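This report refers to the structure that appears directly beneath it.
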Amino acid sequence: MRRTVILAVVAALGAGLLAGCAEDGEEPAGRASNGGGDAKGKTTITVGVFGAFGLQEAGLYDEYMKLHKNIVIKQTSIERNENYYPQLLTHLGSGSGLADIQAVEVNNIAEITATQAGKLVDLGKTEGVDKNAFLDWKWAQATTKDGRTVGLGTDIGPQGICYRKDLFAEAGLPTDREEVGKLWSGDWSKYLDAGKKFKAKASKGTAFVDSASGVLNAINGSSNKRFYDENGKVVYKTNPAVRKAWDIAAAFATEGLTGKLQQFTPAWDQGYANGTFATVSCPAWMLGYIQDKAGEAGKDKWDVAPAPKPSNWGGSFLIVPEAGKNKTEAAKLAAWLTAPEQQAKLFTERGSFPSAKAAYALPAVSGAKHTYFAGAPIGQIFSQAAEGVPVQIVGPKDLVIAQNLSDIGMLQVDQKGRSSKEGWDAAVKAIDNALDQ
């Protein structure tokens, strides 16, 4: 998840909007907070995170300390994951400098699970942890081949399609979210077909989708096997699912259906403000971003429909290092923080969608609607998406492969007019260089 480019959205919008991301806003690197507790004579549990992870901001630490008078929680945060994660690996390697609980971003969990599991507590055996409360695919991401679960999931990023009702109406397409969902239900190729219909009658200066890269990432997020196989071999070059995703996304570009934008850039933000594109693949955490960038003028014009297939983009985990000073108490805290009730509170306060499926029946999630997006029942939409996401094989260099496919290869097709083959070849070359192949 692009945690460091969505900063301060929730803080700006206010808590309780069900529209943000656990990563919005940030605490200065290294600053500790204990919620006002007095550590004298008490057990101090340290938590290391990146960005404004949301646990502290949602008041969960304070709540835990009220329930456990002998515990003080202190958090340190490093602003960017690209700075945080290398330090975490270094500390795990040396067995020193670690917090009692450490956060891990989803794109790093495969490497942690494969290479550091022996240095981590098996949280699957911790009192209060119920495997059945979590989504199967989320639990699997932090579970070793021999069955040790070294990370407990916090949030996830189930995706929908956010769309502009006014632009759909102008193009003669339905605007009701159920009817919109039927346009592309079950097949990403139908999403492409809808784009062609949109283009035929769309207002001048409007595109069907923001970017081909966004489409590529969304389609890849719906496949169980993407860049690696079950044996840890890099297979993206020969994987039919990846090539199909590439071909569909490239067709969006070559058919002139995109705004030729790169996500999380000023031009993309301006596209929201000016209403220049009609759809975007949107994880739950992106709703606050859209609201912020589209502003008051976009209220009730944006809505949310299910994606063609269940897809995920984003999420994080909590791990407990064996070298920690208070690993038993830390494991108990990690279990409590990721329990369904706390995940539901995090969703209410920060918009982070729960990875604990048991939270979906709780009123805070099941009844959640988003006023900015025309009252869309986001709890229901994203719960259904989350439960349909396949158990995905995650490799240690997934992020490297995904970024080069999008930002090197597909961006050339979308913005520079290169052919699909030229874009693919450029991406493969960049990935080979990055992976030393």
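When GLY259 is tested against (1) over 20 Å from GLY417 (Cα atoms); (2) over 21 Å from the mean Cα position of the chain (by Cα), only condition (1) is not met.
The set of residues in the range 385-397 being closer than 30 Å to LYS260 by Cβ and in a helix (DSSP H, G or I) consists of ALA385 alone. For the residues GLY151, GLY195, GLY147, GLY160, the requirement of being surrounded by 15 or more Cβ atoms within 10 Å (Cβ to Cβ), closer than 30 Å to GLY118 by Cβ, modelled with pLDDT of 95 or more and in contact with a helix residue (DSSP H, G or I) (Cβ under 8 Å, 6 or more places away or on another chain) singles out GLY151. Which one is farthest from SER185 (Cα to Cα) among residues in the range 236-293 that are free of Cβ contacts under 8 Å to residues at least 12 places away in the same chain and in a loop (DSSP other than H, G, I, E, B)? Going through the qualifying residues, I end up with THR265.
Taking ASN224 as the residue in question, decide whether it is at pLDDT below 95, under 18 Å from ALA307 (Cα atoms) and in a loop (DSSP other than H, G, I, E, B).
On the way: at pLDDT below 95: yes; under 18 Å from ALA307 (Cα atoms): yes; in a loop (DSSP other than H, G, I, E, B): yes.
Yes.
Return yes when THR348 is among the β-branched types (Val, Ile, Thr), in contact with a Gly (Cβ under 9 Å, 6 or more places away or on another chain) and outside the structural domain of TRP139 (by TED's automatic domain parsing) and no when it is not. Considered against the rule, which asks whether it is among the β-branched types (Val, Ile, Thr), in contact with a Gly (Cβ under 9 Å, 6 or more places away or on another chain) and outside the structural domain of TRP139 (by TED's automatic domain parsing), THR348 comes out as no.
Scanning the range 398-415 for any residue that is among the charged types (D, E, K, R), farther than 16 Å from GLN159 by Cβ and not in a helix (DSSP H, G or I) turns up nothing.
When VAL72, VAL106, VAL121, VAL47 are screened for being closer than 18 Å to LEU346 by Cα, modelled with pLDDT of 95 or more and β-branched (Val, Ile, Thr), only VAL47 passes.
Cβ separations smaller than 6 Å between residues 6+ apart or across chains give the following pairs from the range 357-376 residues that are more than 17 Å from GLU296 (Cα to Cα) to residues that are surrounded by fewer than 22 Cβ atoms within 10 Å (Cβ to Cβ) and not basic (Lys, Arg): ALA358/ALA133; ALA358/PRO340; ALA359/PRO340; ALA364/THR348; LYS369/GLY375; LYS369/PRO377. When you scan the range 394-403, do you find a residue that is surrounded by fewer than 22 Cβ atoms within 10 Å (Cβ to Cβ), farther than 27 Å from VAL209 by Cβ, out of contact with any Lys or Arg (no Cβ under 8 Å at 6 or more places or on another chain) and assigned by TED's automatic domain parsing to the domain that holds GLY59, even just one? Within the range 394-403, not a single residue is surrounded by fewer than 22 Cβ atoms within 10 Å (Cβ to Cβ), farther than 27 Å from VAL209 by Cβ, out of contact with any Lys or Arg (no Cβ under 8 Å at 6 or more places or on another chain) and assigned by TED's automatic domain parsing to the domain that holds GLY59.
The values are calculated or read from the model by the stated rules, or taken from the named source; none is laboratory data. Just so it is clear, the model here is predicted, and its values are computed rather than measured. Don't worry about glycine lacking a Cβ; one is built from the backbone with ideal geometry, like all the others, and counts go over all protein chains shown.
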